[in-house]
Each structure stands twice: as structure tokens, then as C-alpha cells.
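Comments concern the structure below.
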Amino acid sequence: MGWQAFVSHRVVTPEGIRPGAVLVRDGTIGGVVDVRQVPADAEVHDFGEAAILPGLVDSHVHINDPGRAEWEGFETATRAAAAGGCTLLVDMPLNCLPATTTVAALEAKRAAAQGRCRVDWAAWGGVIHDNQGDIEDLATSGVRGFKCFLVNPGIDGFTMVTEQQLRTALPHVVRTGLPLLVHAELPGPIDRATGTLGNADWSSYPTYLQSRPDEAELAAIRLMLSLCREYGFRLHIVHLSTSQPLQELHAARSEGLPVSVETCPHYLHLSAETIADGAMLCKCAPPIRGRDNCERLWRGLADGTIDLVATDHSPCLPAMKRLAEGNFRTAWGGIASLSLALPLMWTEASKRGFTLFDLSRWMAAEPARLAGCDTRKGRLATGYDADFVVFDSESEFIVTEDRLHYRHQVSPYLGEILRGVVKATYLRGNPVFAEGKFPGQPGGREYTVTTTAHSGS
């Protein structure tokens, strides 16, 4: 196959944004060159002013397949990802049945993904109260790291871990060299706060916010930093919602601890002051906090204390949101946003003086590094997979159901005006989303260290 050249006035490279052409052959980037260096016989695709960014890597997604595909499955999740400019999803281990806590469960997931994915995927393994003996086997079998909860996740088949159970598991995690991703909330502060809310109105968002105090996250992160210092494992804090630990996290990094941090679009776009009573679609854990806190999270991104942004795309059956009941205590938590993450982030980032270069670092390069995929994913550079997104950063659109593309068309963002439109998404040089459609057959596969393993899935 000959060269293809994808041309734009704004190509987002690891070195910066510049005019150029992304040369592609056999699914791989051959170089990012000046337009005058494009081979004469190349097939040229000129996107003009629309930017070319590396395909996004979403390192925090709940696909729920196998077992709960009626919530979301590989077909719909990867379709939404393609529409959002994302070319690699890393699936969380807890909402599928069986949970990805054994090699057998990982193989069941691979079977469920076979021939159904429009973008690439990989899996996190789980650390629960009694699977210490499975951790190293899961690593050998290809998971990208491990996820644990310090608080009850509220899902059958995936238990939280106590400090003592973590201490039993951590030597195994250390031997794998893989990161441990932690839902960092401790039950004590949550239980104490909830205990004071006996007669509170649970249709009110402030009631829910009081029930998940900043202290739950702060205490959990302090515990994990202490364990990280003691055991030396790679620690990753998922979905940071409170700015209170930022100074301690920054100090831990300065000390040389191997810790990284993510936050999510909903914590950077929404704020507690604007969430109406009964707005169940805004329930997530940890919760969306106040406007001042949101701005401090943005400062954490600016100074590098927060490394990356991932969606925590966490869909469920609409009935589980208890929309009619309007009870924040009983509604399922989680916000689905796979197809909207890039415009959500650009809407907010562009207001604050950030660039597409910043977005590509937060949403492509750094998530790829976390998941150990950064030798082939997350940047437009020679030898990398030709995964990229064509993004019209100047256009605006209204969020409507037909733009969501995941399984259940519910979203807290419906009706909002967002800035930035995904025009097309390419996986290994082939279009997987273009002008609102999904051309071709599903060609996504599991990311593994070798390009051949599981290549059909």
C-alpha cells in the first residue's frame, strides 16, 4: 500500500502545533513532515484549518461487557469513543460479570470483544479482598494495571479493600511493575457525614454533596501516599474531585514518589452551584464540588500536579438513575460522556488560555503512558499507530441525543452549547468515524505489547 498524507494547518505533535502532513503507510505513521515533503504519489487528505490531534486514549471507561452489556457493551462504547475522537479505551474491571479479577474473567472479556470494537481497547485488572493470588497471573496475561476501591463500590462481584488487605496485595502489585489505580475515598468520613443527615432532603444536591465530604478523599490519598512511600508501587489516583490534596500530591511528586493523578471532564465543567434538585444525571462519586474547587483543579492541571483527564464513562440502565424518584441516595452514580469529552474539555480549556497541545497531553499522551501503551499510542510521531482525530476547534454545536452514540441516550449535557466538533477519527489510518457516520467494519483490537496477540478482537 502506498503513502497517505493527512494535511492540516495545525498538526498537534509532541513538540508543538505546526502546519504539516502526517504520512501514513500500513497503519503506521511514517513521519510528520512539511507539506513540501509529501511524496508525489501519496494520496492526500487536506483538512485545512481543522486540527489533527493524536487519537485520544481514555484510561477510565466502564464498558460493562460481558455480563452487563445492557448497561453498555463493546459495540456501543467503542462507537461512542470513535465519535468522540478516542481510539483506545482501557476498561475498568468492576461492572462486568465476571469482574476482571482472574485470568478466566479476562479471557471472557476478550471473547466478548471479538469482532465488535470500532476502536482499540485494553483491560485493567481488579484488586479485591481475596484475589491476591491472581494479581501476577493477570499481569502476565496482559492487563495494563490494577484498580481497587477503598470504599464500597456498590456492585456485586467487586469488593472494596481495607488497608490490611492492601498490604497483602501490594507485594504482588510491586512485582508486576504495573500501576495501582485507586478510588480514593475512605468509608469513615462518609459514614460520619451521612450519619448527620438523618432527616435531610435527598432530592437536594447539597445533601448528597455533604454525604461525600472532601475529607474522605483527603484521608484516602494520605493513606495511599504513605503506602506508596513504604512499598514503592506505582500509584495512580483516579477521578480526583477535591482540590484539597493537591499540595500534598505535589509534594509527594517532588519527593520522588511514583504517583500520578487524573480528574474528569465533569469536575472541570460542572459545579455544585448549578446542579438542580433531583438532577440525578449529575450524580457521581466522588461528587461534583463547588465552583472555586473547580478552578483549583484547573490550576492543578496547569502546574502538572494533575497529569491527565479521563472520562470515567459510567453508564447504566436509565431506570437505575431513579429520575422520577429524584433521590440522590438511591440513584446509581456515574456520568456517561465518551462522545463529548473532547468538546467538553475544549469548551473550558480554551476559555482559560490552554491549547490543543495541552489537551493532547492530558487526553492522549499521559493516559497512554499510564496504561503502558505509550510506545504506539497517544502521539503523532514516527512509528506510532496512525490513530488521530480531525477536530474543528472553532465550530459550536448543541448537545442532542443523536450525538451521544453510546447505548442509552441520557446525559447531563443535553441542550448545552459546546465548542469544538469532531469531524473524523482514524484508527491505523482507516476512518472509523466521519461526518456523523461509522464507515467500514469493526477493526478495533486489544492493545498488547506485541501487535499480533489478540489482533482479531
Taking only C-alpha pairs under 8 Å that are 6+ residues apart, what is the relative contact order of region 249-373 in percent?
29 percent
On a straight-distance basis, which lysines could pair with Lys109 in a cross-link, Cα separation under 29 angstrom, same-chain partners fewer than 8 positions away excluded?
Lys147, Lys283, Lys321, Lys377, Lys437
Kindly report, to the nearest 10 Å², the accessible surface of Met320 as traced by a 1.4 Å probe over protein heavy atoms only.
50 Å²
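Pairs of alpha-carbon atoms within less than 8 angstrom and 6+ residues apart define the contacts here; what relative contact order does region 103-213 have, in percent? Write down the numbers at each step before the final one.
Details: 127 pairs, mean separation 25.2, N = 111.
The normalised contact order for region 103-213 reaches 23 percent.
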Can you tell me the order of 359-366, 79-86, 336-343 when each peptide is scored by its average per-residue count of other Cβ atoms within 10 angstrom, highest first?
79-86, 336-343, 359-366
Farthest toward the dipole's positive end in the chain, which of Ala69, Pro265, Met224, given Cβ charges of +1 (Lys, Arg) and -1 (Asp, Glu) about the Cα centre?
Met224
Would you check the accessible area of Val449, probe 1.4 Å, heavy atoms only, in square angstrom rounded to 10?
120 Å²
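Using a 1.4 angstrom probe on the protein heavy atoms only, could you order Leu178, Leu53 from most to least accessible area? Walk me through the numbers on the way to the answer.
Details: Leu178 35, Leu53 0 Å².
Heavy-atom accessible area, descending, gives Leu178, Leu53.
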Tell me, what is the per residue accessible area of the chain in Å², probe radius 1.4 Å?
36 Å²
Taking the Cα centroid of region 186-236 and of region 106-164, what is the distance between the two, rounded to the nearest whole Å?
23 Å
Between the modelled labels at Thr382 and Thr168 (7 Å from Cα along Cα→Cβ) the distance in nm is 5.2 nm
Here are some values of Cα extents along the principal axes in Å: [x] 102, 55, 42; [y] 80, 54, 48; [z] 72, 46, 44. Which one was computed from this structure?
[z]
For a paramagnetic label modelled at 7 Å from the Cα of Phe357 toward its Cβ, which residues of region 10-39 fall within the zone defined by backbone nitrogen distances under 13 Å?
11-19
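With a 1.4 Å probe and all protein chains kept in place, how do Ile398, Ile335 rank by accessible area, largest first? Present the calculation step by step, with values, prior to reporting the outcome.
Values: Ile398 95, Ile335 5 Å².
Heavy-atom accessible area, descending, gives Ile398, Ile335.
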Protein accessible area in the chain, 1.4 Å probe - carbon and sulfur %:
50 percent
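Please tell me the relative contact order of region 1-139 in percent, rounded to the nearest whole number, where contacts are Cα pairs under 8 Å and at least six residues apart. Walk me through the numbers on the way to the answer.
Values: 269 pairs, mean separation 26.8, N = 139.
Once normalised by length, the contact order is 19 percent.
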Unit-weight point scatterers at every alpha-carbon of region 147-300, Debye formula, q = 0.20 1/Å: log10 I(q)/I(0) is -1.31
Listed by chain and number, the residues whose amide H is under 5 Å from that of Phe433, excluding neighbours fewer than 5 places away on the same chain and using placed H, are Thr425
Using +1 at the C-beta of Lys and Arg and -1 at the C-beta of Asp and Glu, which of Trp346, Cys373, Leu97 has the Cα lying farthest in the positive direction of the dipole of the chain?
Cys373
Between the DSSP loop rule and a limit of at most 15 other Cβ atoms within 10 Å, which GluC sites (Glu not before Pro) in region 1-93 are left?
Glu15, Glu49, Glu70
Among Trp124, Phe438, Ala82, whose Cα sits farthest toward the positive end of the charge dipole of the chain (+1 at Cβ of Lys/Arg, -1 at Cβ of Asp/Glu, about the Cα centre)?
Trp124
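Using helices alone, I'd like the mean residue ellipticity at 222 nm for the chain: each DSSP H run of four-plus residues gives -39500 (n - 2.57), total over residue count, nearest 500. It would help to have the intermediate numbers written out before the result.
Working: 13 runs with 124 residues, N = 457.
So the calculated ellipticity at 222 nm is -8000 deg cm²/dmol.
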Magnitude of the Cβ-charge dipole (Lys and Arg +1, Asp and Glu -1) of the chain about the Cα centre, nearest 20 debye, reported as 260 debye
Check which residues have an amide H placed less than 5 Å from Ala386's amide H, if you skip close sequence neighbours.
Thr28, Ile29, Arg428, Gly429
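The values are calculated or read from the model by the stated rules, or taken from the named source; none is laboratory data. What you see is a predicted model, and the numbers here were worked out from it, not measured in a lab. Here the Cβ is made from the backbone with ideal geometry for all residues, glycine too, and neighbour counts use every protein chain on show. For the accessible areas, the whole protein counts, side chains as well, though only heavy atoms, and no ligand, DNA or RNA atoms are used. Shrake-Rupley method; radii C 1.70, N 1.55, O 1.52, S 1.80 Å.
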